[in-house]
Amino acid sequence: MHAAVVTSFDEPPRYQEFELPVASDDDHALVDVLAVGLHPRVRADASGKHYSSTGRLPMIPGVDGVGQLDDGRRVYFVADDELPGPMAEKAVIDLRRTVPLPEDADVEMIAAAMNPAMSSWVALRRRVPIEAGQSVLVLGATGNAGAMAVRVAKRLGAGRVVGAGRDAERLDALRGVGADEIVQLTEDPDATEAALAKAAADVDIVIDYLWGKPAARAMMALIIARKDPSHALNWIQIGAIAGPTLELPSVALRSANLRIQGNGQGAVSIRGYLTAATVSFPFMRHSFVPVGGGSVRPSV
């Protein structure tokens with residue numbers, strides 16, 4: 001079979017032949033890969049930079065996708081870290097890591113959007129279960145995952161959602177899908193901090209796809225402006241587009257009830273992820289709006 005094969009982390013994957021994988025037991029099956037998610041996580045894996053990378057080469061990238069079983073059924077699957085990835089014509093999948101799909105499902109849209117959409121769904125259902133009426137700030141709302149997070153927060157009962165991001169056009173579009181207020185992140189840090197403080201000082205939950213300096217500045221802006229600093233501010237770190245680290249003064253942890261945690265591989269079990277995916281799928285399939293990631297068909 002043909003696959004996108006990584007032989008060096010210093011070079012992009014190459015389209016070449018790769019040995020056809022074999023299912024090892026009844027819990028695994030060989031599927032025709034119909035579409036694969038091309039997420040930031042996949043790009044990080046292919047460059048050896050993701051925290052879960054084993055460093056083993058050669059490798060086939062991919063963390064999820066849509067496959068067709070021998071009997072014609074289609075499934076969304078989460079790839080097994082111990083098996084070759086799904087960016088190939090065929091892949092061995094763990095049947096325990098699948099969600100059945102209806103016949104009319106848009107396989108490319110599902111492959112493109114399920115992973116980024118689930119980042120906020122799992123965060124708000126399992127990491128910090130949202131309560132009806134709570135307010136949410138989405139930091140990095142103009143990316144694929146961030147735009148979905150706005151919709152997901154509203155769907156799960158948020159009373160008020162604030163979307164913050166750089167792209168003005170995409171920010172405006174968020175008003176029509178759940179954002180009650182938007183904040184543009186500009187090159188002027190003081191103006192940005194003031195706008196965030198005005199719009200989101202008293203939010204209950206922050207879903208953060210940025211991290212780095214923008215997140216550190218946003219934390220301090222919200223903490224300083226909060227009416228009741230003892231009211232819990234749950235900060236869920238998911239992405240690190242703006243940098244893998246941040247510098248935060250210790251006063252941020254003493255002067256407010258700031259609770260920082262992450263959401264990603266390791267923070268939630270695969271079983272928990274798949275359970276959430278199954279429950280969320282009726283909503284997800286009608287709400288996919290990929291604007292940053294995408295999917296690929298292996299046969300192209």
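The values are calculated or read from the model by the stated rules, or taken from the named source; none is laboratory data. Computed from a predicted structure; not experimentally measured. FYI the Cβ positions are ideal-geometry reconstructions off the backbone, even for glycines, and counts take in every protein chain you see. These area figures cover heavy atoms from the full protein model, side chains too; ligands, DNA and RNA do not enter into them. Shrake-Rupley method; radii C 1.70, N 1.55, O 1.52, S 1.80 Å.
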Item to complete: Give the residue, chosen from Val99, Val122, Val128, Val138, that is more than 26 Å from Glu17 (Cα to Cα), surrounded by 24 or more Cβ atoms within 10 Å (Cβ to Cβ) and among the β-branched types (Val, Ile, Thr).
Response: Val138
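Which one of Ala168, Ala199, Ala164, Ala179 is within 20 Å of Ala132 (Cβ to Cβ) and either in contact with a strand residue (DSSP E or B) (Cβ under 6 Å, 6 or more places away or on another chain) or not charged (D, E, K, R) (or both)? Spell out how you get there, then give the answer.
Numbers: Ala168 fails: within 20 Å of Ala132 (Cβ to Cβ); Ala199 fails: within 20 Å of Ala132 (Cβ to Cβ); Ala164 fails: within 20 Å of Ala132 (Cβ to Cβ).
Sole residue among the options that is within 20 Å of Ala132 (Cβ to Cβ) and either in contact with a strand residue (DSSP E or B) (Cβ under 6 Å, 6 or more places away or on another chain) or not charged (D, E, K, R) (or both): Ala179.
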Discussion item. What's the number of the only condition in (1) in contact with a strand residue (DSSP E or B) (Cβ under 7 Å, 6 or more places away or on another chain); (2) surrounded by fewer than 22 Cβ atoms within 10 Å (Cβ to Cβ); (3) assigned to a helix (DSSP H, G or I) that Met109 fails to meet?
Written reply: (1)
Worksheet item: Can you tell me which residues in the stretch 174-188 are modelled with pLDDT under 95 and in contact with a helix residue (DSSP H, G or I) (Cβ under 9 Å, 6 or more places away or on another chain)?
Response: Val177, Gly178
Discussion item. Can you tell me which residue is modelled with the highest pLDDT among those in the stretch 82-96 that are of a type in the set (Asp, Glu) and open to solvent by 40 Å² or more (accessible area, probe 1.4 Å)?
Written reply: Glu89
Item to complete: Identify, by number, the condition in (1) within 29 Å of Gly239 (Cβ to Cβ); (2) without any contact (Cβ under 8 Å) to a residue 60 or more places away in the chain; (3) open to solvent by less than 80 Å² (accessible area, probe 1.4 Å) that Pro12 doesn't meet.
Response: (3)
Worksheet item: Only one of Ala218, Ala195, Ala201 is touching a Leu at 6+ places or on another chain (Cβ under 8 Å), buried (at least 19 other Cβ atoms within 10 Å of the Cβ), closer than 24 Å to Val152 by Cα and not aromatic (Phe, Trp, Tyr); which?
Response: Ala218
Practice prompt. Any residue in the stretch 199-212 that's at positive phi and β-branched (Val, Ile, Thr): show its pairings with residues that are part of a strand (DSSP E or B) and modelled with pLDDT of 95 or more at Cβ separation under 8 Å, as long as the two are six or more apart or on different chains.
Written response: none
Worksheet, complete the sentence: The condition of being surrounded by 14 or more Cβ atoms within 10 Å (Cβ to Cβ), within 16 Å of Thr192 (Cβ to Cβ) and among the aliphatic types (A, V, I, L, M) holds, among Leu233, Leu258, Leu246, only for Leu246
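I need the full set of residues from the stretch 27-81 which are charged (D, E, K, R), part of a loop (DSSP other than H, G, I, E, B) and either surrounded by 13 or more Cβ atoms within 10 Å (Cβ to Cβ) or out of contact with any helix residue (DSSP H, G or I) (no Cβ under 8 Å at 6 or more places or on another chain) (or both), in order please.
If the condition is that a residue be charged (D, E, K, R), part of a loop (DSSP other than H, G, I, E, B) and either surrounded by 13 or more Cβ atoms within 10 Å (Cβ to Cβ) or out of contact with any helix residue (DSSP H, G or I) (no Cβ under 8 Å at 6 or more places or on another chain) (or both), then Lys49, Arg56, Asp70, Asp71, Arg73, Asp80, Asp81 are the ones that fit.
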Practice prompt. Considering every residue within the stretch 284-294, establish whether at least one is buried (at least 17 other Cβ atoms within 10 Å of the Cβ), more than 19 Å from Ser120 (Cα to Cα) and at pLDDT below 95.
Written response: no
